[in-house]
Amino acid sequence: MNLKDKTNRITLRLNDKQFNFVKASADILGVSPSEFLRMVVNASMVSAKDSKFKEVFGRENDKTNSDN
């Protein structure tokens, strides 16, 4: 496994239902659960570039200051 660009580590606890979803999804795609979760994070990062996403999930002060 190539870890040279993966310098940060996270520990995540999942319940059985969440773990089974991650494991089954990873198996379908032929990747590890870690790689599947990286894919989910990357997809979320792309979605975050959408202005509608920022409007819904932005900070309250950002919303208030946007009408200056």
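Here's a check for you: in region 1-24, which residue that is among the polar types (S, T, N, Q) and surrounded by 10 or more Cβ atoms within 10 Å (Cβ to Cβ) is nearest to the chain's Cα centre (by Cα)?
The initial filter retains those residues of region 1-24 that are among the polar types (S, T, N, Q), namely 2, 7-8, 11, 15, 18, 20.
If we keep only those that are surrounded by 10 or more Cβ atoms within 10 Å (Cβ to Cβ) as well, we get 18, 20.
Details: Gln18: 14, Asn20: 17 Å.
The selected residue is Gln18.
Are there any pairs with C-beta distances below 6 angstrom linking a residue in region 35-62 that is more than 23 Å from Thr11 (Cβ to Cβ) and among the β-branched types (Val, Ile, Thr) to a residue that is in a helix (DSSP H, G or I) and at pLDDT 65 or above, with the two at least 6 apart or on different chains, and if so which?
none
What is the residue count in region 25-39 for residues that are loosely packed, with under 12 Cβ neighbours inside 10 Å, on the phi < 0 side of the Ramachandran plot and more than 17 Å from the chain's Cα centre (by Cα)? Quick ask: steps written out before the conclusion?
First pass over region 25-39, keeping only residues loosely packed, with under 12 Cβ neighbours inside 10 Å: 28-30.
Now drop any that are not on the phi < 0 side of the Ramachandran plot, which leaves 28-29.
With the extra rule that they be more than 17 Å from the chain's Cα centre (by Cα), the set shrinks to 28.
Residues that pass the stated criteria total 1.
The values are calculated or read from the model by the stated rules, or taken from the named source; none is laboratory data. From a predicted model like this one, the values you see are computed outputs, not experimental measurements. Note that we place each Cβ from the backbone using ideal geometry, even for glycine, and neighbour counts take in every protein chain shown.
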